[in-house]
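The values are calculated or read from the model by the stated rules, or taken from the named source; none is laboratory data. Since this is a predicted model, take the numbers as computed values, not measurements. No Cβ is skipped: glycine too gets one built from the backbone with ideal geometry, and neighbour counts run over all protein chains shown. Surface areas here come from the heavy atoms of the whole protein model, side chains and all, with no ligands, DNA or RNA. Shrake-Rupley method; radii C 1.70, N 1.55, O 1.52, S 1.80 Å.
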There are 4 protein chains.
Amino acid sequence: MMKKLILGVIGAGRIGKLHTDNLLRMPNVHVKTIADPYIDKNWVESRQLTGTTNVDDIFSDKEIDAVIILSPSTYHAEQIIAAAKAGKHIFCEKPIALDPDLIREALSVVKQHGVKLQIGFNRRFDPDFMRLQEAVQTRKIGDLYLIKIASRDPAPPPAEYVKDSGGIFLDMTIHDFDMVRFLSGSEVEEVFATGAVLVDPDIGKAGDVDTAIVTLKLKNGALASIDNSRQAVYGYDQRIEVFGSKGSVAALNNTETRTIYTSPDGVISDRPLDFFLERYQRSYLAEIEAFIQTVVGDIDPSVDGNDGLSATLIGLAAKKSLELNQPVAVN
Amino acid sequence: MMKKLILGVIGAGRIGKLHTDNLLRMPNVHVKTIADPYIDKNWVESRQLTGTTNVDDIFSDKEIDAVIILSPSTYHAEQIIAAAKAGKHIFCEKPIALDPDLIREALSVVKQHGVKLQIGFNRRFDPDFMRLQEAVQTRKIGDLYLIKIASRDPAPPPAEYVKDSGGIFLDMTIHDFDMVRFLSGSEVEEVFATGAVLVDPDIGKAGDVDTAIVTLKLKNGALASIDNSRQAVYGYDQRIEVFGSKGSVAALNNTETRTIYTSPDGVISDRPLDFFLERYQRSYLAEIEAFIQTVVGDIDPSVDGNDGLSATLIGLAAKKSLELNQPVAVN
Amino acid sequence: MMKKLILGVIGAGRIGKLHTDNLLRMPNVHVKTIADPYIDKNWVESRQLTGTTNVDDIFSDKEIDAVIILSPSTYHAEQIIAAAKAGKHIFCEKPIALDPDLIREALSVVKQHGVKLQIGFNRRFDPDFMRLQEAVQTRKIGDLYLIKIASRDPAPPPAEYVKDSGGIFLDMTIHDFDMVRFLSGSEVEEVFATGAVLVDPDIGKAGDVDTAIVTLKLKNGALASIDNSRQAVYGYDQRIEVFGSKGSVAALNNTETRTIYTSPDGVISDRPLDFFLERYQRSYLAEIEAFIQTVVGDIDPSVDGNDGLSATLIGLAAKKSLELNQPVAVN
Amino acid sequence: MMKKLILGVIGAGRIGKLHTDNLLRMPNVHVKTIADPYIDKNWVESRQLTGTTNVDDIFSDKEIDAVIILSPSTYHAEQIIAAAKAGKHIFCEKPIALDPDLIREALSVVKQHGVKLQIGFNRRFDPDFMRLQEAVQTRKIGDLYLIKIASRDPAPPPAEYVKDSGGIFLDMTIHDFDMVRFLSGSEVEEVFATGAVLVDPDIGKAGDVDTAIVTLKLKNGALASIDNSRQAVYGYDQRIEVFGSKGSVAALNNTETRTIYTSPDGVISDRPLDFFLERYQRSYLAEIEAFIQTVVGDIDPSVDGNDGLSATLIGLAAKKSLELNQPVAVN
């Protein structure tokens, strides 16, 4: 029988539980320990897991091969560093950090200790978006002209959350920035960001915008446009189009069923899936499977630390662009 | 300058006005007289037409080249005969008559006097259904396996109307029977009709059904299925699918716009167009243009008297099948 | 910790493996033994299961609470009887048997021993079709007028298979007959079946048809129409519409992604999913979860032996109708 | 009988012929004269029109009530001025001129002589876009957050044409700028334009871009984004979305039919209509009907000279923004 990969999971919140449940269904994986300062004992017991409130129990456990970091963002960089120093492979939710220097330090430690690091840009593993990426890469759409992303949350977060989030571009748009890099296969050269406070004045008071349009010039010459809103009352709106010299491929919203109700009021089909847990259910599973495969098969992660750094740099440029009301180069 | 074709129109009801307005926009046509016992003088005047309550004014007018018969169905056969005897080409709304012998007599007079006769199966001129016919004829779908027709009216007619209509199969399904012949390019061999009174009990009392499923075996081996309802509360439901060895082509309902409203209640697109005047607007125009072309160009009509007879024979077989609860051969 | 339900699985073919893999992911279930005369030892080992070629090892095992019968159809009835006599709850793939008397005998033994029996009409657990059933039951569509089912396989089975299958109505349409009962909440009164050999002459030589249209009259007055084909070259075509006095709800085909490719040749979206394993992946999981819940919670199965019997009776009536070319009552 | 409105048409090119044919079908209109230096005599004769190569024949004709200016853009302003001085009402294709001072002069003459002036922003009369405007105005989508426009031509114009066109923003995007004003009911405050030469290097040599993204801040606080391409190989791509606090309404591309072809390669529906004559056929008719109504009913034109001026000012700001790579205020 195959040796199982032994894992420690850090963080047992919503995403922590989701990833853990996915891991528990994999035959070649053993989740040995799960750490969270506020660990939910009932949940841990229902899964027959070993819980701890002390994350160091994971770092110091020689048996653990790899860690899955799903803690709050502010801890990511230090936990990456601790895990790397302990010689463990790392899967870490985005973002690594808001400060590029801290990211660079973490990546340097990772490199030094020769461990693998995969960043949780799960949308890269979504079957719809993979189809778009393939259409660009195989030149099904010919030369890439435009990428258009509509990325809207169903409801705004509390203004309190917004304050510590790094702002909309580092908290929300960062996924879209990564998507532009993923789909285009190109780096971003320049960003122009416009924003407005239309949804919730408290978000404005917290120093952020809740509605934004970001225009990007890519190194390969193509253009990209992202629109964000903190509130799409009809659900989680996630649509992308790649347009080029031979045509366009667009990913529409996913829905719960494919039923249509034909009524005197019109033909009614399902609204978009509620939020990211529903919409990206398959991609959350696929990214963690890919990480296990990366470690087991000793291959390079498909989304690495540099991807994490690059998306943050674009986010910071967007933030600056909004402040200056000018296009800003991504260094 | 080209000589204009001089026309007499018989019947100035809803369809009469529609066709007349279409004719008035054609440069090579002159509508000389319009006959209707209850003629709407204001409307006639607004169109600068000459109206008459006596249809013989049209038959006896040597100048008139062709007549457009849009009177109630019960007058069709006798007016066809009168027009043919007067040497005029004829466009006649369906059905020619409910009695096959009367139809045969009318067709015989038409043949004897060498005039052209086109029957108003306007749906053959609908761009969507023409696309389906082409897909069968060019073998885009390979060998034809199945034709499926959903054909549902938005609201039931008064039971009074039903009584004189010849029943659902001769009044409503007759269009679908013609469509099966048109799409398949084949005659119908056998019919099995099932029906129910689900919409309006008065229709049952009038001796008819308001909901029906008709199964047809075609001479070329393919099968067809038609469902009818006298009431689709959401509009005029007109969908057809042709399915064969290489794929399927389906015509969906037409709508007023292509807008979609994404709301918390779902994604809402337009309901089907209201009724036949809206849905078949383009095909009404196209069929009358085709008739003018048939006369002017001295070519054979694309929908002739035999098409009128055949659809009626299928309708009569369906009626008998419903009565006997048995499949009935179409003679 | 909760006591686990101990299961024996009979049959380790395609469906056997599918259900077993689903069961292995459930926390409250232990698959103790899997029986198959041609058991795939590598697969059994990869799942850390105990395999046997002797099904009696399961019936005689006192520890086993319930059996999952996924063997060839011809063994279903006898295995149901053996399992019931051994006091085990039973999940059994459709059909119970082709002979109604044998079905009645099996159901009688089941009743006598007080065990639960769920039949594998998995489509009842499909989220799209559940939405349709709900629309009928909650009267969202008002009074039910029509049920329309298009149910087409991607490719014909070998003629050899057809010979022992009981014919298209007992092998393929049986799912659609169950769907009509499920959606309408009504029994079927009368069936008229028409068929043709259009796909593969060898199917005709084997005494069956490969293309069929079945019309059903329901006890509640509504009508239903099913079309079947053994070959839809574009995939597994599974569409249903329920139509009533307040509107229509239709389930369209499911697809792998929601992407659209806009090209000079048209706007191209995904074709239907390949076949039943892909299309009904979710419903296979849901039905077995429902069975576990039925046993654990000691509730009545939602799809019981009578449902299995009724679908077979409709299938036999359809078969007779095709032979006689007449409508046949379902007794 | 109602007095007919007597018209002179200036310009008998593609758009000239289209509008003239529409006018010829209107009962209350008489097209007396059509002027074009290169007039197509056969076409004039086929329509039984009076043609002239001298536009002054129209301005000096006392009988003519109104002129329809469909000449090349460079003549618009002077012909507006001449028509106004002759006391004739004016319908004029967009743009009035590229120079705002010239536009202002023309509008001043129009005002001075008290004639009506309607500008040919035909898209305002498109039923789909009218539905969007209504959704904003009636607050069906609540507060307006975003307007998103995809506006792409099927094939690039000759570089020669580009040189005199005023550039993509004044030639092509000007329609989209007007649409933003129409849909939002708000003026534009600031524009940021990005562009690239991706389709045809000759367009770049002519000093223009062929691919562009324009971001607009509106006076009412909402944001808008327009993407343009000179080449969408699949047809004329014209999609708009208005998104707000209560939902989103989007206009998808119009197509020739509503048929779908389900094939092994996918489900293929019609590509977008070819180009503006097909796509905006209905709106061309509706705008000219509205103009006739404006004159006959003595009401204010729904698209007036100021709308023409405003769109040009936004276009000029976009042009400057592209040059400076900075947002530019619309004065």
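Taking D:I141 as meeting all but one of (1) crowded, with 22+ Cβ neighbours inside 10 Å; (2) under 26 Å from D:S165 (Cβ atoms), write down the number of the exception.
Of everything listed in (1) crowded, with 22+ Cβ neighbours inside 10 Å; (2) under 26 Å from D:S165 (Cβ atoms), D:I141 misses just condition (2).
Quick one: which residue in D:L144, D:L132 is at pLDDT 95 or above, more than 18 Å from the chain's Cα centre (by Cα) and in the same structural domain as D:A212 (by TED's automatic domain parsing)?
D:L144
Can you tell which of A:P100, A:P156, A:P201 is more than 14 Å from chain C (Cβ to nearest Cβ) and over 20 Å from the mean Cα position of the chain (by Cα)?
The unique qualifying residue is A:P201.
Can you tell me which condition C:P157 does not meet? The list is (1) open to solvent by 20 Å² or more (accessible area, probe 1.4 Å); (2) in contact with a helix residue (DSSP H, G or I) (Cβ under 7 Å, 6 or more places away or on another chain); (3) of a type outside the set (V, I, T); (4) modelled with pLDDT under 95, and all the others hold.
Unmet for C:P157, out of (1) open to solvent by 20 Å² or more (accessible area, probe 1.4 Å); (2) in contact with a helix residue (DSSP H, G or I) (Cβ under 7 Å, 6 or more places away or on another chain); (3) of a type outside the set (V, I, T); (4) modelled with pLDDT under 95: (2).
When you check D:G167 against the structure, is it outside the structural domain of D:V233 (by TED's automatic domain parsing), under 18 Å from the mean Cα position of the chain (by Cα) and closer than 26 Å to D:I80 by Cβ, yes or no?
No: the conditions fail for D:G167.
Only one residue in B:I260, B:I213, B:I226 is of a type in the set (A, V, I, L, M) and touching a residue at least 40 places away in the same chain (Cβ under 8 Å), so which one is that?
Only one candidate passes the filter, namely B:I226.
Which ones in the range A:1-39 are assigned to a loop (DSSP other than H, G, I, E, B), away from every other protein chain (no Cβ under 14 Å) and open to solvent by less than 60 Å² (accessible area, probe 1.4 Å)?
Listed by number, the residues that qualify are A:G11, A:A12, A:G13, A:D36, A:I39.
Taking the residues in the range C:210-221 that are more than 8 Å from chain B (Cβ to nearest Cβ) and surrounded by fewer than 24 Cβ atoms within 10 Å (Cβ to Cβ) as candidates, determine which candidate is nearest to C:I149 (Cα to Cα).
C:L218
Are there any pairs, at least 6 apart or on different chains, whose C-beta atoms fall under 8 Å, with the first in the range C:316-327 and within 14 Å of another protein chain (Cβ to nearest Cβ) and open to solvent by 40 Å² or more (accessible area, probe 1.4 Å) and the second part of a helix (DSSP H, G or I) and not acidic (D, E), and if so, which?
Within 8 Å, the pairs are C:L322/C:F169.
Are there any pairs with C-beta distances below 6 angstrom linking a residue in the range B:267-279 that is closer than 19 Å to A:N253 by Cβ to a residue that is aliphatic (A, V, I, L, M) and open to solvent by less than 30 Å² (accessible area, probe 1.4 Å), with the two at least 6 apart or on different chains, and if so which?
Short answer, once both residue conditions are applied: B:S269/A:V267.
Can you tell me which of B:I288, B:I240 is within 30 Å of B:K111 (Cβ to Cβ), in contact with a Leu (Cβ under 8 Å, 6 or more places away or on another chain) and either within 11 Å of chain D (Cβ to nearest Cβ) or open to solvent by less than 10 Å² (accessible area, probe 1.4 Å) (or both)?
Answer to the check: B:I288.
Considering only the range A:245-285, state which residues are more than 23 Å from A:N22 (Cβ to Cβ), more than 11 Å from chain C (Cβ to nearest Cβ) and surrounded by 22 or more Cβ atoms within 10 Å (Cβ to Cβ).
Of everything in the range A:245-285, just one residue is more than 23 Å from A:N22 (Cβ to Cβ), more than 11 Å from chain C (Cβ to nearest Cβ) and surrounded by 22 or more Cβ atoms within 10 Å (Cβ to Cβ), namely A:R271.
Which residues, taken from the range A:288-331, are of a type in the set (D, E, K, R) and either touching a His at 6+ places or on another chain (Cβ under 9 Å) or under 25 Å from D:A193 (Cα atoms) (or both)?
Listed by number, the residues that qualify are A:K319, A:K320, A:E323.
Are any residues in the range A:225-237 closer than 25 Å to D:D237 by Cα and within 7 Å of another protein chain (Cβ to nearest Cβ), and if so, which ones?
A:S225, A:D227, A:S229
With the structure loaded, tell me whether D:G308 is in a helix (DSSP H, G or I) and closer than 22 Å to D:Q231 by Cα or whether it fails that test.
Judged against the criteria, D:G308 is not a match.
Restricting attention to the range D:40-83, which residues are open to solvent by 20 Å² or more (accessible area, probe 1.4 Å) and either assigned to a strand (DSSP E or B) or among the hydroxyl-bearing types (S, T, Y) (or both)?
Scanning the range D:40-83 gives D:S46, D:T50, D:G51, D:T53, D:S60, D:S73, D:T74, D:Y75.
Before we move on, is A:A286 of a type in the set (G, A, S) and farther than 30 Å from D:L144 by Cβ?
Yes, satisfied.
For the range A:117-127, give me the residue count where each residue is surrounded by 24 or more Cβ atoms within 10 Å (Cβ to Cβ) and within 10 Å of chain C (Cβ to nearest Cβ).
Here the count works out to 1.
Any residue at all in the range A:257-270 that's within 30 Å of C:G266 (Cβ to Cβ), of a type in the set (S, T, Y) and assigned to a loop (DSSP other than H, G, I, E, B)?
Yes, that holds for at least one residue.
Within the range D:161-183, which residues are within 15 Å of D:L223 (Cα to Cα) and open to solvent by 10 Å² or more (accessible area, probe 1.4 Å)?
D:R181, D:F182, listed by residue number.
State which residue pairs qualify: first residue within 17 Å of D:F125 (Cα to Cα) and inside the range D:284-301, second residue open to solvent by less than 10 Å² (accessible area, probe 1.4 Å) and in a helix (DSSP H, G or I) in any location, beta carbons under 6 Å apart, and separation of 6 or more residues or different chains.
From the range D:284-301, the pairs are D:Y284/D:N122; D:E287/D:N122; D:I288/D:H19; D:P301/D:T294.
What are the residue pairs meeting all of these: first residue in the range C:84-105, first residue surrounded by fewer than 23 Cβ atoms within 10 Å (Cβ to Cβ), second residue of a type in the set (F, W, Y) and not in a helix (DSSP H, G or I), Cβ atoms under 6 Å, and 6 or more apart or on different chains?
Cβ pairs passing all conditions: C:K94/C:F121.
Which of the following residues is hydroxyl-bearing (S, T, Y), part of a loop (DSSP other than H, G, I, E, B) and open to solvent by less than 20 Å² (accessible area, probe 1.4 Å): C:S151, C:S186, C:S225?
One residue alone meets the criteria, C:S186.
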